[in-house]
Amino acid sequence: MTVREIKSGIYSVGAIDWDRTIFDELIPLPEGTSYNSYLIKGSEKTALIDTVDPTKIDTLLENLEELGVTCLDYVISNHAEQDHSGAIPAVLDRYPEAEVITNEKCKGFLTDLLGVPDERFTVIGEGDEISLGDRTLRFLLTPWVHWPETMVTYLVEDKILFTCDFFGSHVATSDLYARGNYEVYTGAKRYYAEIMMPFRTTVRKNVEKIESLDMEIIAPSHGPMYKDPKFIIDAYKDWTSEDVKNEAIIAFVSMHGSTRKAAEHLAETLMERGITVKVFNLSTADIGELAMALVDAATLVLAAPTVLGGIHPSAIYAAYLVNALRPKLRHIGIISSYGWGGMAVQHVQNCVTVIKPEVFEPVLIRGHPGEEDLRKIDDMAEEIMKKHENLNLIKR
Ligand code: FEO
């Protein structure tokens with residue numbers, strides 16, 4: 001049971017998933033996650049905002065039972081993805097009077113994904129409101145704060161914005177509210193990087209759209225709530241801005257030490273030039289950490305050997321991921337060591353098609369890096385420094 005009262009008549013009734021380790025079979029969850037669902041009792045009507053992952057249906061239903069909810073008027077669906085909507089069919093079975101309130105696009109997803117029957121829906125649009133009696137829910141469409149149908153729900157009288165994935169973090173915590181500390185910031189940034197970054201410009205518009213609301217609490221459906229909405233709004237403004245930082249990522253994979261030597265030499269050379277460097281060994285790196293670094297970095301250098309007739313598959317995976325996450329990167333460098341064939345540059349460029357960073361002169365090394373190779377890496381570092389100096393938007 002994880003029922004917690006937020007204010008009189010407003011409860012957190014979702015579930016904490018303490019030991020979930022991966023999401024979408026892709027994203028590592030080092031801190032677990034939660035599926036926050038909120039119950040709002042008005043003087044006349046009762047609404048549930050979002051539900052939980054299908055694995056936690058029993059928790060949600062038990063929480064509603066613990067609160068003595070015998071009649072549920074509305075289930076608000078801010079987002080159709082199953083970690084928030086997967087329990088809707090079970091809730092509708094338990095409460096046959098309940099209507100699903102959502103937008104037209106979300107209705108389509110809920111129909112296709114979960115088979116929610118047409119007669120259970122009431123479709124709302126931008127700015128529409130429903131009354132719970134002494135409380136009012138207002139709906140704002142905020143597409144692409146993960147999927148195209150996402151929206152947020154504003155509880156007018158209590159000044160609470162329910163944002164589902166927007167401003168969320170994959171953090172399992174007993175804290176109802178974020179403490180504003182480093183861990184919370186990191187969790188939210190990691191979540192932004194993995195989920196929101198590909199839609200950065202749209203996310204920024206949605207931040208601008210909601211920030212004029214009079215808010216006391218932002219209540220996402222993953223991780224803690226925010227009593228200080230400005231904290232997370234300012235973080236999102238930073239992450240979604242056009243600014244990059246004086247940071248370079250070196251993502252490398254090495255089979256016999258040649259590429260490692262090149263990557264480490266580049267790291268030292270960049271550090272000597274005052275550039276913040278983040279180095280990831282692609283064989284062991286947590287892709288969430290790499291995604292977080294991509295939020296701010298001006299430059300990425302991929303360093304990998306050739307194997308099986310092409311560049312190492314780990315570098316292809318990284319390049320594919322970078323392209324999919326669409327970071328603000330301005331520049332990309334490629335270093336490759338090879339034995340008898342050097343198609344590395346073309347293979348990486350084939351993966352990076354959506355973003356358009358400037359590509360530095362690649363450094364191709366036959367065998368182990370020698371003095372001439374290291375000099376070329378120094379030249380790349382010098383070029384990176386000059387480019388960073390010319391980026392007038394850079395912040396440290
Ligand atoms: Fe937490 Fe897009 O679902």
For this session: Return the total of residues in the stretch 203-226 being on the phi < 0 side of the Ramachandran plot, crowded, with 16+ Cβ neighbours inside 10 Å and either of a type in the set (Lys, Arg) or within 16 Å of the ligand (Cβ to nearest atom) (or both).
Result: 10
Exercise. Looking at the stretch 121-171, which of the residues that are crowded, with 17+ Cβ neighbours inside 10 Å and of a type in the set (Lys, Arg) is nearest to the chain's Cα centre (by Cα)?
Worked result: Arg138
Problem set entry | Of all residues making up the stretch 291-326, the number that are out of contact with any His (no Cβ under 6 Å at 6 or more places or on another chain) and open to solvent by less than 10 Å² (accessible area, probe 1.4 Å) | 14
For this session: Restricting attention to the stretch 368-391, report how many residues are over 30 Å from Met197 (Cβ atoms) and either loosely packed, with under 13 Cβ neighbours inside 10 Å or among the hydroxyl-bearing types (Ser, Thr, Tyr) (or both).
Result: 4
Seminar exercise, completed: Residues in the stretch 170-188 that are within 16 Å of the ligand (Cβ to nearest atom), touching a residue at least 60 places away in the same chain (Cβ under 8 Å) and under 18 Å from Asp234 (Cα atoms) total 1
Exercise. Outside the structural domain of Asp296 (by TED's automatic domain parsing) and away from the ligand (no atom under 16 Å from the Cβ), is that true of Thr153?
Worked result: no
Problem set entry | Only one of Ser174, Ser221, Ser212 that is in the same structural domain as Trp144 (by TED's automatic domain parsing) and in contact with a Cys (Cβ under 6 Å, 6 or more places away or on another chain) | Ser221
Exercise. What tally of residues in the stretch 69-91 results from selecting those that are open to solvent by 10 Å² or more (accessible area, probe 1.4 Å), over 24 Å from the mean Cα position of the chain (by Cα), touching a residue at least 12 places away in the same chain (Cβ under 8 Å) and farther than 22 Å from Gly127 by Cα?
Worked result: 4
Seminar exercise, completed: How many residues of the stretch 342-368 are under 24 Å from Glu247 (Cβ atoms), in a loop (DSSP other than H, G, I, E, B) and in contact with a helix residue (DSSP H, G or I) (Cβ under 8 Å, 6 or more places away or on another chain)? The answer is 7
Problem set entry | Selection status of Ser283, touching a strand residue (DSSP E or B) at 6+ places or on another chain (Cβ under 8 Å) and at pLDDT 95 or above | no
For this session: Give the number of residues within the stretch 227-246 that are hydroxyl-bearing (Ser, Thr, Tyr) and either modelled with pLDDT under 95 or surrounded by fewer than 21 Cβ atoms within 10 Å (Cβ to Cβ) (or both).
Result: 1
Seminar exercise, completed: Within the stretch 81-94, the count of residues that are within 16 Å of the ligand (Cβ to nearest atom) and touching a strand residue (DSSP E or B) at 6+ places or on another chain (Cβ under 8 Å) comes to 3
Exercise. Does the stretch 17-38 contain at least one residue that is assigned to a helix (DSSP H, G or I), in contact with a strand residue (DSSP E or B) (Cβ under 7 Å, 6 or more places away or on another chain) and over 24 Å from Pro143 (Cβ atoms)?
Worked result: no
Seminar exercise, completed: Picking from Glu65, Glu97, the residue that is surrounded by fewer than 20 Cβ atoms within 10 Å (Cβ to Cβ), touching a residue at least 12 places away in the same chain (Cβ under 8 Å) and more than 16 Å from the ligand (Cβ to nearest atom) would be Glu97
Exercise. What number of residues within the stretch 129-148 satisfy the criterion of being among the β-branched types (Val, Ile, Thr) and within 16 Å of the ligand (Cβ to nearest atom)?
Worked result: 2
Seminar exercise, completed: For the stretch 217-272, the count of residues that are in contact with a strand residue (DSSP E or B) (Cβ under 8 Å, 6 or more places away or on another chain), among the charged types (D, E, K, R) and within 30 Å of Trp18 (Cβ to Cβ) equals 1
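The values are calculated or read from the model by the stated rules, or taken from the named source; none is laboratory data. Just so you know, these numbers come straight off a predicted model, no measurement behind them. Cβ coordinates were reconstructed from backbone atoms using ideal geometry, including for glycine residues, and neighbour counts include every protein chain displayed. Only protein heavy atoms, including side chains, enter the accessible area calculation; ligands, DNA and RNA are left aside. Shrake-Rupley method; radii C 1.70, N 1.55, O 1.52, S 1.80 Å.
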